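Student: Take a look at this one; I'll ask things after.
Every number in this text was worked out from the coordinates using simple rules, so none of it is lab data. Worth saying up front: this structure is predicted, and the values here are computed from it rather than measured. Every residue, glycine among them, receives a Cβ derived from its backbone with ideal geometry; neighbour counts consider all protein chains shown.
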Amino acid sequence: MSMRIVIGLDGSPHAESALNMALRRAKRYGSTLIGVGVVDRPSIEQIEVGAYPGSLQLSQDAASKMLNDAKRRAEELIAAFRDVCTHHSVACEDIIHSGSAAEGLLEEGKTADLIVTGLRTFFSFPATGQSDDTLRQLFQHPVCPVLAVPSNLELPRHVIIAYDGSPGAARALHAYVAATPELPEDIRVSLLCVSRDFERNKFHLEKADIYLHAHGITSDILVCRGTPTEIIISTAKELMPSLVILGAPYYRGIAERLFGSVTEAVIKDGSIPVFVYH
């Protein structure tokens, strides 16, 4: 159960959507939300020394002002977060992390059940309007499950669990069930396996179905031919609004690159919420 949920606060519509998702979970499970504001010191230090191509070195006063502006922005986001949680009668904690956003979120995630963020993140300071790579870093080195949502989030009515019997898929399956007990009966759950041969994967899929059933979750089994990226995204869009559950492979090599291409494609698409753990 998601009793402690970490939220990345960057002031964007994606972050607002992530907070709304977390609030719904907190109300359902009595969770505590941990809001993380970020002072992007690494980027400011890079600008200060003129490390970016075409940039000029800043004076110490200019760099100090930029750092103070970043702190003030983080404080404003934390204050707004507290107000929203109070309005919804949700327990909350907060912290301002000085450093990279990924480091801050992962540090808080060590003692949390779930990290929720947008499919686009905008923690870089000063704001450029371009998303940063925080989410990719969270997916690469997760300390707990990560749920990433689009800015125009609809409540998922379908859950698609990418499952092939691998250790990574099993860990993601367990993590999702643990984080989301008592799934509403009107939500359809599908175990999706990308394979040419149903019989080859039948045992793993049926075992996963039994596991879900033991937790009060009814699922159906889908076996599709094609590439994992195309099938997972096309199935998610066909069953929209849907949430995709992904687990990374335990062994490195081709499987890891395939997983990376799937998550990268989901991030690039930007419309499909995704739950990742490995």
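Student: Can you give the FRET efficiency for Ile187 and Lys65, using 1/(1 + (r/R0)^6), R0 = 41 Å, r = Cβ-Cβ distance, to the nearest 0.05?
Tutor: Taking R0 as 41 Å, the efficiency between Ile187 and Lys65 is 0.25.
Student: Rounded to the nearest 20 Debye, what is the dipole magnitude of the stretch 140-250 about its Cα centre when Lys and Arg each give +1 and Asp and Glu each give -1 at the C-beta?
Tutor: 280 debye
Student: Moving on. About the Cα centre of the stretch 1-153, how large is the charge dipole given +1 on each Lys and Arg Cβ and -1 on each Asp and Glu Cβ? Please answer in debye to the nearest 20.
Tutor: Taking the Cα centre of the stretch 1-153 as origin, the dipole is about 560 debye.
Student: Quick one: what Rg and Dmax do you get for the stretch 166-239 from the alpha carbons, in Å?
Tutor: Gyration radius and largest Cα-Cα distance of the stretch 166-239: 12.5, 33 Å.
Student: If the cut-off is a Cα-Cα distance under 30 Å, which lysines reach Lys202, setting aside same-chain residues fewer than 8 apart in sequence?
Tutor: Lys237
Student: Further question on the same structure: Where does the charge balance sit around His97 when Lys and Arg score +1, Asp and Glu -1, over other residues with C-beta under 10 Å from its C-beta?
Tutor: Charge balance in the 10 Å sphere: -3.
Student: Mind checking which of His87, His97, His215 has the largest fluctuation in a GNM of the chain, springs on alpha carbons under 10 Å?
Tutor: In this elastic network of the chain, the residue with the biggest mean-square fluctuation among His87, His97, His215 is His87.
Student: Here's something else I'd like to know. Under a GNM of the chain (C-alpha, springs under 10 Å), which listed residue has the highest mean-square fluctuation: Leu33, Leu155, Leu19?
Tutor: Of the options given, Leu155 has the highest mean-square fluctuation.
Student: Highest GNM mean-square fluctuation, the chain, Cα pairs closer than 10 Å: which of Ala101, Ala170, Ala91?
Tutor: Comparing Ala101, Ala170, Ala91 in the GNM, the peak value goes to Ala91.
Student: Once every DSSP H run of n ≥ 4 in the chain is given -39500 (n - 2.57) and the sum is divided by its residues, what mean residue ellipticity at 222 nm do you get, rounded to the nearest 500 deg cm²/dmol?
Tutor: Using -39500 (n - 2.57) per qualifying helix, the result is -14500 deg cm²/dmol.
Student: Same structure again: Give the list, by residue number, of cysteines in the chain with no other Cys Cβ closer than 4.7 Å, or say none.
Tutor: Lone cysteines by the Cβ rule: Cys144, Cys193, Cys224.
Student: Note the angle between two axes, namely the Cα long axis of helix 228-238 and the longest principal axis of the Cα atoms of the chain, as a number of degrees from 0 to 90, rounded to the nearest 10.
Tutor: Once rounded, one gets 90 degrees.
Student: Continuing with this model, one more query. Report the trypsin sites (Lys or Arg not before Pro) located in the stretch 124-187 that are in a DSSP loop and have at most 14 other Cβ atoms inside 10 Å of their Cβ, or state none.
Tutor: Sparse-neighbourhood loop trypsin sites (Lys or Arg not before Pro): Arg157.
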